[in-house]
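Okay, structure first, notes after.
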Amino acid sequence: MANTLTALIPKVFARGLPALRANAVTPRLMTDYSFMIGGPGAKGNVLTIPKGAAQAVATITPSNAAPSNTDHTAGSETLTVDTWEGTSFHLSDQEMTQIDADNTFIPLQIAEAFKGMGDAFDAAALALYKDIYGASGTPGTAPFATTLGAWTGSGGARAILQDQLSPMGPLNSVLDSAAEGNLLGLSVIHAADSRGSDATMNSGQIGSALGVNWHNNQNVPTHTPGTLSDGTGMLALVNDASYTVGESTVDIDATSLSGTVVVGDIFTVAGDSQQYTVTAGATAGSNAIAGMAFKPTSQVAWANNAQITFIGGATSNPTHVANMVFHPGAFGYAFARPEADMAVDADMQTVIRDPVTGIPIRLMITREHYQTTWRLDYIYGVKTIREELACRIAG
């Protein structure tokens with residue numbers, strides 16, 4: 001029986017990988033740091049990913065003595081492989097016989113198991129939207145209904161990325177179905193005379209347009225903001241008369257202030273065009289919040305009582321779909337190749353790395369009473385590396 005089961009392993013993977021690929025869109029758009037782990041890894045591996053330091057350019061003056069070298073303190077981000085997840089499904093002897101005999105037979109649970117693995121990683125990657133402070137679009141309204149303004153407009157994501165000094169290529173975008181549907185409906189996107197190709201009209205896929213590779217993703221999350229209110233909307237005032245540039249917390253208040261802020265809430269401050277995102281939840285007490293944490297650090301020395309407005313919050317606390325456009329360097333992930341389980345026979349387990357998504361999945365088989373249990377697992381970590389290389393397109 002072991003030899004029969006071993007022969008089925010590649011067939012089970014072949015049946016399941018299409019579902020994995022359909023539901024794990026995001027990893028192929030980010031930077032894979034798995035090579036830094038090397039061989040087999042385990043949960044808990046910590047990778048240090050370097051970030052370059054700014055370089056000054058100086059005038060050169062010929063001399064008999066060269067100037068001293070300048071030290072640079074490069075930054076870094078740590079990416080921890082901290083997630084170990086898996087699922088399992090059962091196959092009867094009859095189902096395994098059918099898999100072996102019929103290349104088109106796909107038991108429902110095989111597809112569902114691989115789909116679940118793809119969804120779980122995709123959700124973890126997309127949840128990083130909370131780190132992204134740049135945002136275009138209107139909360140509660142799907143973008144691209146009539147124009148490309150959420151991308152190409154003066155306040156569009158392209159302009160925001162340029163102001164954040166992001167490289168303008170390659171760029172990827174993940175959109176929910178409403179945003180993608182609107183984008184497909186614009187003639188500048190689907191019309192052959194505009195695109196110079198009928199590929200989008202024939203395939204229904206946008207592909208590369210206007211400097212972005214556009215992708216639909218059914219897992220794009222919706223951000224539910226905090227309940228903060230000054231009685232009119234999600235508004236507050238700076239409560240600091242000596243605020244300086246480069247700070248990462250701010251005291252806020254209002255005549256009447258109640259409710260909460262949550263991680264991922266975006267706000268602006270009067271007199272400062274920079275957008276900021278909240279990095280730690282907080283609750284108002286006595287009409288104030290002390291030390292509301294945010295990033296990036298403040299770009300302007302905010303005036304005391306300067307108006308703070310949360311995105312779309314002039315009169316309410318609207319949710320928004322967190323569509324994103326980003327450079328691959330904005331986010332990083334790493335998969336640890338699981339080691340062999342010594343409690344399972346060597347020929348009853350294997351690790352296969354999907355060449356499309358880059359996800360290595362371990363499969364282990366346990367023979368039971370007239371059925372087998374097939375267990376899938378993977379180990380990974382995902383992290384925002386450079387948030388300035390990404391922008392939300394609120395929907």
Check your understanding: Which one of the conditions (1) in contact (Cβ under 8 Å) with a residue 40 or more places away in the chain; (2) open to solvent by 10 Å² or more (accessible area, probe 1.4 Å) does residue 255 fail to meet, given that it meets all the rest?
Key -> (1)
Review point. Can you pull out the residues in segment 140-163 that are open to solvent by less than 20 Å² (accessible area, probe 1.4 Å) and either more than 24 Å from residue 328 (Cα to Cα) or touching a Cys at 6+ places or on another chain (Cβ under 7 Å) (or both)?
Key: 157, 161
Point to revise | Count of segment 286-345 residues which are touching a helix residue (DSSP H, G or I) at 6+ places or on another chain (Cβ under 6 Å) and of a type in the set (Val, Ile, Thr) | key: 1
Exercise for review: May I ask you to say which residue of 131, 193, 119, 102 is in contact with a helix residue (DSSP H, G or I) (Cβ under 9 Å, 6 or more places away or on another chain) and modelled with pLDDT under 90?
Suggested key: 193
**Study point:** The listed residue being of a type in the set (Ser, Thr, Tyr), farther than 30 Å from residue 214 by Cα, at pLDDT 95 or above and surrounded by fewer than 20 Cβ atoms within 10 Å (Cβ to Cβ), out of 298, 286
**Key:** 286
Review point. Which of (1) polar (S, T, N, Q); (2) assigned to a loop (DSSP other than H, G, I, E, B); (3) surrounded by 10 or more Cβ atoms within 10 Å (Cβ to Cβ) is the odd one out, the single condition residue 78 does not satisfy?
Key: (2)
Point to revise | In segment 363-391, the residues that are open to solvent by less than 40 Å² (accessible area, probe 1.4 Å) and either at positive phi or more than 24 Å from the chain's Cα centre (by Cα) (or both) | key: 363, 364, 365, 372, 373, 374
Review point. Taking the stated definitions as given, is residue 184 open to solvent by less than 70 Å² (accessible area, probe 1.4 Å), of a type in the set (A, V, I, L, M), at pLDDT 95 or above and not in a loop (DSSP other than H, G, I, E, B)?
Key: no
Review point. Within segment 370-382, is there a residue that is part of a strand (DSSP E or B), modelled with pLDDT of 95 or more and either in contact with a helix residue (DSSP H, G or I) (Cβ under 6 Å, 6 or more places away or on another chain) or of a type in the set (D, E, K, R) (or both)?
Key: yes
Check your understanding: Out of segment 13-48, which residues are under 27 Å from residue 326 (Cβ atoms), in contact with a helix residue (DSSP H, G or I) (Cβ under 8 Å, 6 or more places away or on another chain) and open to solvent by less than 30 Å² (accessible area, probe 1.4 Å)?
Key -> 17, 19, 20, 23, 24, 25, 26, 27, 29, 30, 47
Check your understanding: Quick one: is residue 126 outside any strand (DSSP E or B), under 29 Å from residue 333 (Cα atoms) and open to solvent by less than 20 Å² (accessible area, probe 1.4 Å)?
Key -> yes
Study note, to complete from the structure: Inside segment 228-251, the number of residues satisfying the requirement of being closer than 30 Å to residue 182 by Cα and out of contact with any Pro (no Cβ under 7 Å at 6 or more places or on another chain) is 1
Check your understanding: For segment 213-243, how many residues are modelled with pLDDT under 95 and open to solvent by 70 Å² or more (accessible area, probe 1.4 Å)?
Key -> 3
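The values are calculated or read from the model by the stated rules, or taken from the named source; none is laboratory data. None of these values were measured; they are calculated from a predicted model. Virtual Cβ from ideal backbone geometry, glycine too; neighbours counted across all protein chains shown. For accessibility, only protein heavy atoms count, side chains too; no ligands or nucleic acids. Shrake-Rupley method; radii C 1.70, N 1.55, O 1.52, S 1.80 Å.
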